[in-house]
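**Q** Can you read through this structure? Questions will come right after.
Coordinate-derived values only; no laboratory data. This is a predicted model, so every value here is computed, not measured. In this analysis, Cβ positions are derived from the backbone assuming ideal geometry, glycine residues included, and neighbour counts consider all displayed protein chains.
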Amino acid sequence: MFTIVLLVSNLFVFMLMWHSAGLTSQSLWQPFTEPVLVAYGAKMNYLIDAPYYQWWRFITAMFIHVNLPHLLVNMYSLWVVGPYVEKLYGSAKFTVFWVLTGIAGVVASYLTVRPNLATSSLGRFLFKNMDVPSAGASGALFGLVGVLFVFGIKFRRELPEGFKRAFGTGMLPIIIINLFIGYVGRGIIDNAAHLGGLLSGAALATVVQYRRPGTRRGITTAWRVLQALALGLVVVGFYETTRTFSSSQQLALQPAVTDPAHTFTMYVGAMEELEQKTRAVIDERDLQDVGLVSQRAVQVTAPDARAVELRNRLLVILSTAANAVASAGPPAGDGPRRPAPLDPQINEELQQWHNEYQEWLNQAVQQYTPGSSK
């Protein structure tokens, strides 16, 4: 029953968001705007932190989705996985699992907005370089997968053969494939939320027994109380979202003015994108989206005067490299067509810029990011 309740709840919230987005077909397939996502309770670190303290975003974020494909994928997954967990553990435990693992996923997402750590490929898999809206039920879904994974291992001697193949180690291909998809989509997919949900679900299944015939009523009553508390927490979360709906929209429209940490993380993310594009132009002669990336870098607010200088210098390097690539003709002859080499000085300037940028970043992260020294 509660699998269906969750499906309907997520669909209902999505319909409200679609209404706020104008009920257009375009808004179904493209991501909702930041003001819409923030107003309905997406996780945003700067709104959870001081001075706003909007703690309920740890709860509401698991019930909202960025567009229709996001909703359909997650709700299909819930329809497939949810009934197994609900039948094995009962509706009360299932509800508690969903809420707790969903919150754990959002908390993991909150803790991993660390621009100074999102530098390598592995770093970008686990950490985020920008404080952007994070939303979706995937953390809780990974929590259910974690429950079934541990359940299949913990009770393997009690399970019929078909269950042994489906759960426990049978869940490993699903987990590995999804983590691989997350690695490929790092920077877009919130892998920290997935891992937070997965590990918390596995932890819960380690200590919680599944529903056996003849369970003592006292235990059932305790779980009913926990279920009521979990549902009450969700209700309170959405009450707070409703109460702050208009003010949250206004904050989303002007985040740079209201929060230095948000300004910093947005700037760092834009600079990383700009540097990657510059290297792609130099190393791969890739001129695609140069204008778009440059425009995003110009539009983002710089946290201080040194940041403005560094951004302008990198834009000049990118422009120089792009012009050199565009003006370089193909080599003569019938051999393989390799692009003409660029002036080595461009690479040297980029490396010098990178060194100076890293020096500024190491100092700025202490100034603008709360808790960065931990």
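**Q** Of Ala324, Ala202, Ala39, which is the most mobile in a GNM of the chain whose springs link Cα atoms less than 10 angstrom apart?
**A** Comparing Ala324, Ala202, Ala39 in a Gaussian network model of the chain, the most mobile one is Ala324.
**Q** Mind jotting down the three principal axis lengths of the chain based on Cα atoms? Whole angstrom, largest first.
**A** Extents along the principal axes: 81, 53, 45 Å.
**Q** Which length gain, in nm to one decimal place, applies between Val80 and Arg296 when the Cα-Cα distance is subtracted from 0.36 nm times their residue separation?
**A** That pair, Val80 and Arg296, stretches by 73.8 nm at full extension.
**Q** Another question, if that's okay. Please turn the phi angles of the stretch 181-191 into ³J(HN,Hα) values with the Karplus equation 6.51 cos²θ - 1.76 cosθ + 1.60 (θ = phi - 60°), one per residue in order, whole Hz, x for glycine and proline.
**A** 3J(HN,Hα) across the stretch 181-191, in whole Hz: 4, x, 5, 5, x, 4, x, 10, 8, 8, 5.
**Q** Can you compute the FRET efficiency between Ile153 and Thr220 using 1/(1 + (r/R0)^6), with r the Cβ-Cβ distance and R0 = 25 Å? Round to the nearest 0.05.
**A** Efficiency, from the Cβ-Cβ distance: 0.50.
**Q** I want to check the label-to-label distance for Leu172 and Asp286. Put each point 7 Å from Cα in the C-beta direction and report it in nm to one decimal.
**A** Between Leu172 and Asp286, the label points sit 3.4 nm apart.
**Q** Let me ask something else about it. Between Leu231 and Arg279, what is the label-to-label distance in nm when each label sits 7 Å out along the Cα-to-Cβ direction?
**A** 5.1
**Q** Sticking with this one: Lys/Arg Cβ at +1, Asp/Glu Cβ at -1, dipole of the stretch 2-251 taken about the Cα centre: which of Gly143, Ser120, Tyr183 is farthest positive-ward?
**A** It is Gly143.
**Q** Most fluctuating residue of Gly201, Gly41, Gly187 in a GNM of the chain with Cα springs under 10 Å: which is it?
**A** Gly187
**Q** Let me ask you something else. Restricting the calculation to Cα positions, tell me the Rg (one decimal) and the Dmax (whole number) of the stretch 1-40 in Å.
**A** 11.3, 33
**Q** Based on the Cβ-Cβ distance from Arg313 to Glu34, what FRET efficiency comes out when R0 is 25 Å, to the nearest 0.05?
**A** FRET efficiency, Arg313 to Glu34: 0.30.
**Q** Roughly what angle does helix 305-327 make with the longest principal axis of the chain, taking Cα atoms, 0 to 90 degrees, to the nearest 10?
**A** Approximately 70 degrees, to the nearest 10.
**Q** Can you figure out the FRET efficiency of Gln366 with Leu253, using R₀ = 25 Å and their beta-carbon distance, to the nearest 0.05?
**A** 0.30
**Q** Show me 294-306, 78-90, 15-27 ranked by packing, highest mean number of other Cβ atoms within 10 Å first.
**A** Per-residue Cβ counts within 10 Å, averaged per peptide and sorted highest first, yield 78-90, 294-306, 15-27.
**Q** Suppose a student asked you for the relative contact order of the stretch 2-251, using Cα pairs under 8 Å spaced at least 6 residues apart; what percent would you report?
**A** That works out to 26 percent.
**Q** Once you have the Cα-Cα distance between Ile188 and Trp55, take 0.36 nm times their residue separation minus that, and quote the gain in nm to one decimal.
**A** Result for the pair: 45.5 nm of gain on full extension.
**Q** For the chain, with a Gaussian network of springs between Cα atoms less than 10 Å apart, report the residue from Phe127, Phe151, Phe180 with the top mean-square fluctuation.
**A** Per the Cα network of the chain with a 10 Å cutoff, Phe180 tops the list.
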